[in-house]
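Just so it is clear, none of the values below were taken in a lab; they were calculated from the coordinates. In this text, all values refer to a predicted model and were calculated from it rather than measured experimentally. Virtual Cβ from ideal backbone geometry, glycine too; neighbours counted across all protein chains shown.
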Amino acid sequence: MVRRWAVLAPSRSVPVTSWRAPSRWRCRPTTFLLLVLGLWLFGTGEALLVSAGLGNGPWTVLAQGLTTRIDISIGLATFLISVTVLLLWIPLRERPGLGTVMNAIVISAALQVMVLVLPSPDGTSPAILLLRLAMVLLGIALIGLGSGIYLTTGLGPGPRDGWMTGIHQRTGWPVSRVRLGIEAVVLALGWLLGGTVGIGTVLFALLIGPAVGYGLRLTAAIDGSRTRAVDEDEHPELEA
């Protein structure tokens, strides 16, 4: 009975898929397409949170805050933040990969494009609030699924994840504490700049870990792949 219910729990391990790249810079066309798909779903999920207007994840709060101070789009703000974080890799001697570069480009592009395409319901009637809440939950689910696909390509961590693991490796501080500290600072800074913080932000914090776990489990089920123990240095986002 326990094993039967275990298949319904979010994954705590990363599937070794048939499309996993042999190195961070070499991959087959299928792997590259899945990388782009996963990152695009991730960016679309972020766009749903922005369009819902109930609060965003910490890094999108920061990007949105920048757009209130500088006349740039949220997609460009997200890209500039990613580039800045990548520069912070240099003293940490972190190694990027194709996935690192594509993460900065595709998520920013998807966020910008989908914010323009998606509706932005405004109002406080029960029906409108329910719709906005549904957009938040769908956004978190898409971020989880996109992460599940993107992480299985083995093409390197995203800029933020690599920064977290780099700090962890150089200081010895637990990954979970490093992540919490960085995201708390990012969230506070974004809020001070004018980014949207609300119930969506709280739901993101509570649900993103399980969402990524379920995204990994679904990806494994689709591929029929086996799993391995989580390497928290490589995938700190699993430490919910």
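Structure summary
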quantity	calculated
Helix runs (DSSP H) in the chain reaching 30 Å along axis by Cα, Kyte-Doolittle at least 1.6	126-151
Projected label distance in nm at Ile70 and Leu87, using a 7 Å step from Cα toward the beta-carbon	1.0 nm
Length added when fully stretched, Leu80-Arg26, from 0.36 nm per residue minus Cα-Cα	16.9 nm
Gaussian network model of the chain, springs between alpha carbon atoms under 10 Å - residue of Thr84, Thr153, Thr219 with greatest fluctuation	Thr84
Label-point separation in nm, Leu192 to Val117, each point 7 Å along Cα→Cβ	3.6 nm
Fewest-first ranking of Glu94, Glu46, Glu183, using other Cβ atoms within 10 Å as the exposure measure	Glu183, Glu94, Glu46
Overall form of region 27-225 per C-alpha gyration tensor (a/c, 1.5; a/b vs b/c)	oblate
Gaussian network model of the chain, Cα within-10 Å springs - most flexible of Leu33, Leu88, Leu76	Leu33
Gained length - Arg95 relative to Ile222, 0.36 nm times residue gap less alpha-carbon distance	42.7 nm
